[in-house]
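First comes the structure, then the notes that go with it.
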Amino acid sequence: MQTVKRTIVVFMALGAIAACAHAGLDQSVPTKKDAKETISQGEKTALGLNAEARDISKRIGELAISGDIAKDPKALDEMKRLVAALDEVNARLATLESSIAELKEWVAGKEKSDAVVAKAMGDTDKIKFGHYFQFQYRDTDAAGAQQHSFEARRFRFGASMEINKQAAMKVSFDAAAGTNRRGFEMKDMIFTYKPKGSEGLTLTAGQFSAPLGYETPWSSSSLEFPERVTYNATMFADERVRGVMAEQALEGGLSIYGGIVNALSTKDAEQSSLASGPGGRLAGYAGLKYKQGDFIGGVSYFAGERPEFTGGGGTSPAVDRRFLYLDAQLTNLLNSGLYVRAEAMIGSDRVPSTTGAPGNVANDMTGWHATLGYPITSGELFTRYSIFDPNTDVDGDGILEYGFGYRHHLGTGATLALTHEIFEMPTVANSPFGVTTLRLQFKF
């Protein structure tokens, strides 16, 4: 195997300088709360200036009554100094009071506009925004693959809102979709409802991540490696499904869930170019989760029918698709911060293809992976090993992937990760091949 070894130096400088001073008041107020605090501080300063003006006026009066001004040049100079000081204090006070009045007017306008928005949308405090973007350099020696390239891998943004105590919603979009990462597409559209009198029950509808195993439901911003393992990325492309789900929390850290969705994920190779739910095929799924302390475990099952698919001059027949997932996560192993996550899949389906053929039938398949990580100063080291066998009846068609990496925490919401992975794929001419990725991520 010929590997690519390069030293990559990345330097990024972000700076912003903003200043706007008006009689000691900062006019660049980002929020209504900050504005009110600034007004409060300004009013305290105004009280101090008023007290200073009264003290100067008192001293001027005392000096005038003394009669020393007419016969003592020093007393006259002192009077002139006090009058000038009083003029300076009064000028500062007038400017400060004007600034306070302008800021109060801004706050009043902000409260009025917020009231209009709140009336139209409900309580705006219940809206939470979330964003993250990933920019990376990728280097690989895979034959025919995109090599030595910079890429805007993801640019996700969205919001969640608690409509009331029972209902909530979440939406998210990606502005870096498509081959050249310039497309725009919806990722999540989730509605949840908690019926009154049904403690622990949550009903969900919309487009959401398939609740199979632990990796598929996880956000791409939380995973250590650049992409999900091959069996998940292949059989449940884009991770999203469309349908409904019910989840019931039980005692002792247990929860059960189940639902009905379209048979194929939103970016399945046999679904992405077609309207939703080709052939009217649906699938059902159910699962059980257990969480206790540092341990999380689960089992989930998915069953449905992959519809027939016509493409490339041929037609693939409809086949049953079945998947059983087992997963476990253990954090802070031996009180050392060491963590391990593992997942296993047993299934039956055909590998999605844009070319149809009568021989594209379902095969028994398996897949599993394990991730091990250890936190160090300002970051973490991690490694992963995964196997995907798309047809257990055929030897030599398995996909093996393993790699290691380091993720450094640059600050709140910012990370820089360097990973190197090795893939052994029978369909690639120069297998095994390596992929090195340097990824910068901001999440806020």
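The values are calculated or read from the model by the stated rules, or taken from the named source; none is laboratory data. These numbers were taken from a predicted model, which means no experiment stands behind them. Reconstructed Cβ throughout: ideal geometry from the backbone, glycine too, with neighbour counts over all protein chains shown. The area values use the complete protein model at the heavy-atom level, side chains included, leaving out ligands, DNA and RNA. Shrake-Rupley method; radii C 1.70, N 1.55, O 1.52, S 1.80 Å.
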Discussion item. Any residue in region 400-426 that is in contact (Cβ under 8 Å) with a residue 60 or more places away in the chain sitting within a Cβ distance under 7 Å of a residue that is aliphatic (A, V, I, L, M) and not in a strand (DSSP E or B)? List the pairs, counting only those 6 or more apart or interchain.
Written reply: Glu401/Val229
Practice prompt. Output the residues belonging to region 355-376 that are under 25 Å from Glu305 (Cβ atoms) and of a type in the set (Gly, Ala, Ser).
Written response: Gly356, Ala357, Gly359, Ala362, Gly367
Worksheet item: What number of residues in region 341-386 are open to solvent by 20 Å² or more (accessible area, probe 1.4 Å), β-branched (Val, Ile, Thr) and not in a loop (DSSP other than H, G, I, E, B)?
Response: 4
Worksheet item: Filtering region 411-428 down to residues that are open to solvent by 30 Å² or more (accessible area, probe 1.4 Å), under 18 Å from Ser221 (Cα atoms) and of a type in the set (A, V, I, L, M, F, W, C), which residue is nearest to the chain's Cα centre (by Cα)?
Response: Leu416
Item to complete: Please name all residue pairs, on different chains or six or more residues apart, with Cβ atoms under 7 Å, provided the first residue is in region 68-88 and is small (Gly, Ala, Ser) and the second residue is in a helix (DSSP H, G or I).
Response: Ala75/Leu63; Ala85/Ile56
Worksheet item: Any idea how many residues of region 359-376 are under 26 Å from the mean Cα position of the chain (by Cα) and over 16 Å from Glu215 (Cα atoms)?
Response: 3
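To keep it simple, each residue is scored yes or no on (1) in contact with a Lys or Arg (Cβ under 7 Å, 6 or more places away or on another chain); (2) within 21 Å of Leu440 (Cα to Cα).
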residue: Ala362; (1), (2): yes, no
residue: Met365; (1), (2): no, no
residue: Leu372; (1), (2): no, no
residue: Thr377; (1), (2): no, yes
residue: Tyr385; (1), (2): no, no
residue: Asp393; (1), (2): no, no
residue: Gly398; (1), (2): no, no
Worksheet item: Which members of region 293-306 meet the condition of being at pLDDT 95 or above and either of a type in the set (D, E, K, R) or over 19 Å from Val241 (Cβ atoms) (or both)?
Response: Phe295, Ile296, Gly297, Glu305, Arg306
Worksheet item: Could you give every pair whose Cβ atoms fall below 7 Å, whose first residue belongs to region 93-122 and is modelled with pLDDT under 75 and open to solvent by 50 Å² or more (accessible area, probe 1.4 Å), and whose second residue is part of a helix (DSSP H, G or I) and hydroxyl-bearing (Ser, Thr, Tyr), counting only separations of at least 6 or pairs across chains?
Response: Val117/Thr124
Worksheet, complete the sentence: Flagged in region 316-340 as open to solvent by 60 Å² or more (accessible area, probe 1.4 Å), over 17 Å from Trp218 (Cβ atoms) and not aliphatic (A, V, I, L, M), in numbering order, are Asp320, Arg322, Asn332, Asn335
Worksheet, complete the sentence: Restricted to region 398-410 and to residues being open to solvent by less than 40 Å² (accessible area, probe 1.4 Å) and assigned to a strand (DSSP E or B), the residue nearest to Gly130 (Cα to Cα) is Arg407
Response to the item:
Counting only residues in region 259-290 that are more than 19 Å from Asp188 (Cβ to Cβ) and of a type in the set (D, E, K, R), the one surrounded by the fewest Cβ atoms within 10 Å (Cβ to Cβ) is identified as Arg281
Worksheet entry | Condition met for Pro226 (in contact with a Ser or Thr (Cβ under 6 Å, 6 or more places away or on another chain), closer than 18 Å to Lys267 by Cβ and open to solvent by 20 Å² or more (accessible area, probe 1.4 Å)) | no
Worksheet item: Got at least one residue in region 166-188 being surrounded by fewer than 18 Cβ atoms within 10 Å (Cβ to Cβ), of a type in the set (Phe, Trp, Tyr) and modelled with pLDDT of 95 or more?
Response: yes
Worksheet item: Considering only region 238-258, how many residues are crowded, with 19+ Cβ neighbours inside 10 Å and aliphatic (A, V, I, L, M)?
Response: 2
Practice prompt. Return the residue satisfying two criteria in turn: it lies in region 429-444 and is touching a His at 6+ places or on another chain (Cβ under 7 Å) and surrounded by 16 or more Cβ atoms within 10 Å (Cβ to Cβ), and of such residues it is nearest to Phe155 (Cα to Cα).
Written response: Thr436
Discussion item. With the requirement that a residue be within 23 Å of Lys267 (Cα to Cα) and in a loop (DSSP other than H, G, I, E, B), what does region 387-397 give you?
Written reply: Pro390, Asn391
Fill in: Failed item in (1) out of contact with any Lys or Arg (no Cβ under 6 Å at 6 or more places or on another chain); (2) open to solvent by less than 50 Å² (accessible area, probe 1.4 Å); (3) within 29 Å of Phe442 (Cβ to Cβ); (4) touching a residue at least 12 places away in the same chain (Cβ under 8 Å), with Asp389 passing the rest
(3)
Practice prompt. State the number of residues belonging to region 411-431 that are outside any loop (DSSP other than H, G, I, E, B) and farther than 18 Å from Pro226 by Cα.
Written response: 1
Response to the item:
The number of residues in region 341-378 that are at pLDDT below 95 and among the β-branched types (Val, Ile, Thr) is 4
